[in-house]
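The values are calculated or read from the model by the stated rules, or taken from the named source; none is laboratory data. Values in this document were obtained by computation on a predicted structure and should not be read as measured data. For neighbour counting, all protein chains shown are included, and Cβ atoms are generated from backbone atoms with ideal geometry for every residue, glycine included. Each accessible area value is taken on the protein alone, full model and side chains, heavy atoms only, with ligands, DNA and RNA left out. Shrake-Rupley method; radii C 1.70, N 1.55, O 1.52, S 1.80 Å.
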Amino acid sequence: MLPCLLLISAVAFGQKDAQPRVVDPGDGRKAPSDAVALFNGRDMTGWITKDGKIPKCEVEAGGVMACVTGVGDIQTTQTFKNAQIHLEFAIPYMPNQKGQLRGNSGVYLQGKYEMQILDSYQNPTYAHGSLGGLYNQAPPLVNAARRPEEWQTYDFIFRGPECDTAGKVTKKAVVTVLLNGLLVHDHVAIDASEKLGAGCQAGPILLQDHSGFKDAPITKMKFRNLWLRELD
Ligand code: MG
């Protein structure tokens with residue numbers, strides 16, 4: 001009788017489950033042990049411009065990547081379909097600009113879907129175009145913007161679209177987003193990009209250079225501690 005009770009209690013308390021894999025979570029400067037560090041803090045290895053060149057971003061002390069308008073969009077050589085992604089960014093103080101011209105950049109998931117970066121501290125603009133917005137699709141749940149020049153964090157849980165053998169989407173991409181630790185998108189389905197399609201294939205992380213837009217000012221965006229954990 002006793003062994004039977006022990007077995008029942010072991011199953012009831014989940015002791016049949018495999019132990020979780022041990023992962024060093026990092027310390028806010030170092031990526032978790034099972035992540036791909038997207039920026040090594042020393043040079044632009046792992047990043048390319050759209051025409052395949054090494055981006056001319058500056059690398060500053062403290063493992064900071066600083067990209068000035070004119071460098072162009074830059075993207076990771078690493079591609080992914082499903083991933084947890086973390087990055088930190090600092091937007092310059094641009095008091096002479098407003099709306100979409102004040103500190104505009106963006107993180108394109110799979111190189112297709114823009115999570116907006118903008119100075120949204122006391123800088124109103126249309127909702128889906130503010131910091132935390134899924135551009136053209138969904139505004140953030142809250143405005144969790146810090147002041148310009150302060151470091152901010154973005155965390156994404158992204159699952160790319162599922163497609164049939166003909167490349168037709170059978171399930172849309174889905175994203176959950178934390179901005180500065182606060183939930184701004186809760187398992188939101190993403191429509192295919194008008195210009196770039198749905199993306200059944202793996203894609204990169206792309207960081208936007210907002211030059212090329214009308215009246216776009218010189219903007220120096222800083223990034224650090226960028227990492228990605230592929231999900232099954
Ligand atoms: Mg943008």
(request) List the GluC sites (Glu not before Pro) within segment 104-205 that fall in a DSSP loop (any state other than H, G, I, E or B) and whose Cβ has at most 15 other Cβ atoms within 10 Å. (result) GLU149, GLU150, GLU194
(request) Write down the accessible area per residue of the chain in Å², having rolled a 1.4 Å probe over the full set of protein chains. (result) 54 Å²
(message) What figure, in Å² to the nearest 10, do you get for the accessible area of ASP215 with a 1.4 Å probe and non-protein molecules left out?
(response) 110 Å²
(message) If the elastic network links every pair of Cα atoms under 10 Å, which of SER130, SER33, SER120 fluctuates the most in the Gaussian network model of the chain?
(response) SER33
(request) With a 1.4 Å probe and all protein chains in place, put LYS195, LYS98, LYS112 in order of accessible area, largest first. (result) LYS195, LYS98, LYS112
(request) Compare HIS128, HIS86 by solvent-accessible area with a 1.4 Å probe and give them largest first, with all protein chains kept in place. (result) HIS128, HIS86
(request) Could you work out how far helix 2-12 tilts from the main Cα principal axis of the chain, as a 0 to 90 degree angle to the nearest 10? (result) 20 degrees
(request) In whole Hz, with x marking every Gly and Pro, tabulate ³J(HN,Hα) for segment 29-39 from phi via Karplus 6.51 cos²θ - 1.76 cosθ + 1.60, θ = phi - 60°. (result) 10, 9, 5, x, 5, 9, 9, 8, 6, 7, 9
(request) Can you send over the solvent-accessible area of THR77, 1.4 Å probe, protein chains only, in Å² to the nearest 10? (result) 80 Å²
(request) Could you work out which residue, out of GLN15, GLN97, GLN201, moves most in a Gaussian network model of the chain, that is, has the largest mean-square fluctuation with Cα springs under 10 Å? (result) GLN15
(request) Would you work out which of TRP47, LEU183, PHE89 lies farthest towards the positive end of the dipole of segment 35-230, given +1 charges on the beta-carbon of Lys and Arg and -1 on that of Asp and Glu, about the Cα centre? (result) TRP47
(message) Among ALA61, ALA216, ALA145, which one shows the highest mean-square fluctuation when the chain is modelled as a Gaussian network with alpha-carbon springs under 10 Å?
(response) ALA61
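With 14 Å as the cut-off, how large is the P(r) tail for segment 154-205, expressed as percent of Cα-Cα pairs? Could the numbers behind the result be given before it?
Values: 728 of 1326 pairs.
Value for segment 154-205: 55 percent of Cα pairs lie more than 14 Å apart.
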(message) With +1 assigned to the C-beta of every Lys and Arg and -1 to the C-beta of every Asp and Glu, and no other charges, what is the dipole magnitude of segment 35-230 about the Cα centre in debye, to the nearest 20?
(response) 100 debye
(request) Let me have the relative contact order for segment 35-230, percent, based on Cα pairs under 8 Å that are six or more residues apart. (result) 32 percent
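What Kirkwood radius, in Å to one decimal, follows from the Cα pairs of the chain? Working shown, then result.
Details: mean 1/r = 0.0527 Å⁻¹.
One over the average 1/r among Cα pairs gives 19.0 Å for the chain.
Report, to the nearest whole %, how much of the accessible area of segment 187-228 belongs to carbon and sulfur atoms, 1.4 Å probe, protein only. Write down the numbers at each step before the final one.
Values: 1140 of 2140 Å².
Result for segment 187-228: 53 percent of the exposed heavy-atom area is carbon or sulfur.
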(request) Using Cα centres only, tell me the gap between segment 39-105 and segment 155-180 in whole Å. (result) 23 Å
